[in-house]
1. Only one of (1) outside any helix (DSSP H, G or I); (2) polar (S, T, N, Q); (3) open to solvent by less than 20 Å² (accessible area, probe 1.4 Å) is not met by B:Ser142, so which one is it?
2. For the range B:33-52, enumerate the residues that are free of Cβ contacts under 8 Å to residues at least 40 places away in the same chain, part of a helix (DSSP H, G or I) and hydrophobic (A, V, I, L, M, F, W, C).
3. Within the bounds of the range B:258-267, is there any residue that is polar (S, T, N, Q), over 20 Å from B:Met330 (Cα atoms) and surrounded by 15 or more Cβ atoms within 10 Å (Cβ to Cβ)?
4. Would you confirm, using the coordinates I've provided, whether B:Ser6 is more than 20 Å from the chain's Cα centre (by Cα), hydroxyl-bearing (Ser, Thr, Tyr) and at pLDDT 95 or above?
5. Does A:Leu122 satisfy the condition of being at the interface with chain B (Cβ under 10 Å from one of its Cβ atoms), crowded, with 22+ Cβ neighbours inside 10 Å and part of a helix (DSSP H, G or I)?
6. Among all residue pairs at least 6 apart or on different chains, which show Cβ distances below 9 Å where the first residue, located in the range B:366-385, is aromatic (Phe, Trp, Tyr) and the second is crowded, with 16+ Cβ neighbours inside 10 Å?
7. Among the residues in the range B:194-216, are any without any contact (Cβ under 8 Å) to a residue 40 or more places away in the chain, among the aromatic types (Phe, Trp, Tyr) and surrounded by fewer than 22 Cβ atoms within 10 Å (Cβ to Cβ)?
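The values are calculated or read from the model by the stated rules, or taken from the named source; none is laboratory data. Please read all numbers here as calculations on a predicted model, not as lab measurements. Ideal geometry is used to build each Cβ from the backbone, glycine not excepted, and the neighbour counts take in all protein chains shown. Quick note on the areas: whole protein, heavy atoms, side chains included, nothing else; ligands and nucleic acids left out. Shrake-Rupley method; radii C 1.70, N 1.55, O 1.52, S 1.80 Å.
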Amino acid sequence: MHEISELMTKDHRSCDDFLAVVEKAVTDQNWQLAQAEFPRFRDALLNHFEAEESILFPLFEKRTGMYQGPTQVMRGEHVQMRQLLAAAEAALAEREADDYNGNAETLLIMMQQHNVKEENILYPMCDQQLADQLDALLPELQKQLAG
Amino acid sequence: MQALLSFDQAPPLAAPLRFFLTAPLFAILAALLLLWSGPDLFASRWTGAALALTHLITVGFMLQVMLGAMLQILPVVAGANIARPQLLATLVNAAVATGALLLASGFLSYQPLLFELAAVLIGGGVALFIVGAGHALYGVPSTNATIRGLKLSLLGLTVTICLGVLLAVAIDGSLALPLMQLTSIHLGWGFVGWSVVLLAAVAFVVVPMFQMTPAYPEWFAGRFSWTLLTLLVLWSVADSAGWQCLSPWLAAAAVLAIAAFAALTLQLQSRSKRARFDATQHYWRLAMLSTLAACALWLAASSWPSLGERSEWPLLCGVLALFGGFMSVMIGMLYKIVPFLVWSHLQNLGRGRVFPPNMNKVIAGHQLNRQMQAHFVALALLLAAVLWPEWFTYPAGLALLAANAWLLRNLLAAITFYRQQRLTIEETLTHVSAAPAEAR
């Protein structure tokens, strides 16, 4: 009954873990490691957005008829997070620790408040609305999340 | 269901900020009261000055921060939007702030009229908030521990305020009520039924997410607020009925549950994946350590009569819980909430064409850290003042004053930053939209 919630929530946590690895490297001033690890975080986050925007949200919108509802808000927040991601990546390339930390912290808070909304409200609604489509939906989501 | 569909309606920036800015003003008043009344304040927890100080912190500081934070988090965690947030915030903030001033004046002068007016204003303000929040939460299913905790905490707040109003009306002796007993039940509901239940509901979300720790175990988070409220109800009944063989055990069970929450939070925090501890995390840790110390002291005083008879221990417990526990965690949270809200509102103003500086630029990091050090010193001096009032009351009052003036300064800096950046963004947007016209 909670397959979509479980899959997507697990992916949120793994994005967090990748971000934590970069933060640790920046704190240790290990710029080489930070720059090597950042793409893993960036790709995981972008794959997650893509899975939602191209697979999960359209199905949900079609099923419920809610095209201007929560999914629209989530898309808007994805745009903001993509901008923060780009700003953090630019700061990392310049090896600007303060700038990187500020952008990454803002991104983290933005991500977490976004995740709370999805995990508490949107995913449970998807679980409810899309229960009959899991067989096709889950493998497709897994494939997109894996990149 | 309708409430679930529109979680884009974050309240306007001024709505929560109004509450957050009022809070340090009351802590400054508490510090001034401490300096004015001197060491006598610590003679017992029942002195007028001690009661006034307690309510300046609980109603003036804590209640303001908690109402403002709730206004902000209800749409995020529960998809519950409060209708007309700006109007509600203005009315509730003004009523509770004026009520808190009257209540403190009441305790200092024992004028029944001041208590009655305070009861009307605080009772009315909080009732308005509960109706607004209750209406927003109506029909939202309690799908997790946080949503359930938020709802239960509103119940705790309702009982606390009803008992407070009753006490304020009865304080002149016109109603034949057992005032001491009612006071301890009022205090139990305020500390545990409202404050701890709300704090835990918020912690279940923010500790794992912002500090990147493992989640609270399901068996704990799922049962915590219910268990605590059930114990509180049973204890209130046992205490009112005079069942002395039962009520201390129920109270001890509630204190142990709170200690377990604090210990678990510290244990989770020690497994944080964050590379650095920032001011918010230090504040959380201090708050949980203070809560553990307050619980340990309470249990020790209840077990050993020689300690329980001393007048210092309730004051020590109070300082640890209020200044060490609740105030610390709230200031720590303000240092994340306020910069993020400022950034988020500026980001929306920029409409994706102008980008504000990141949230760490909103309040300078060294200002946060120095304020935090001042708060730590104030807490240590307050604890010392309870034990040696002649020596430490004035230094404690000065430290409390400094720490909260600094907090106010930091919050005002965030507002100045918002205003400056808003101007920059508006100017840039005007240029951007004017440029194509000029080109033509």
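1. (3)
2. B:Trp36
3. No: zero hits.
4. No: the conditions fail for B:Ser6.
5. When the stated conditions are applied, A:Leu122 passes them.
6. So the pair list comes out as B:Phe376/B:His282; B:Phe376/B:Leu286; B:Phe376/B:Ser328; B:Phe376/B:Ala403.
7. no
Yes or no, residue by residue, for (1) under 24 Å from B:Val59 (Cα atoms); (2) open to solvent by less than 20 Å² (accessible area, probe 1.4 Å):
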site	(1), (2)
B:Leu292	yes, no
B:Pro357	no, no
B:Leu382	yes, yes
B:Ala402	yes, no
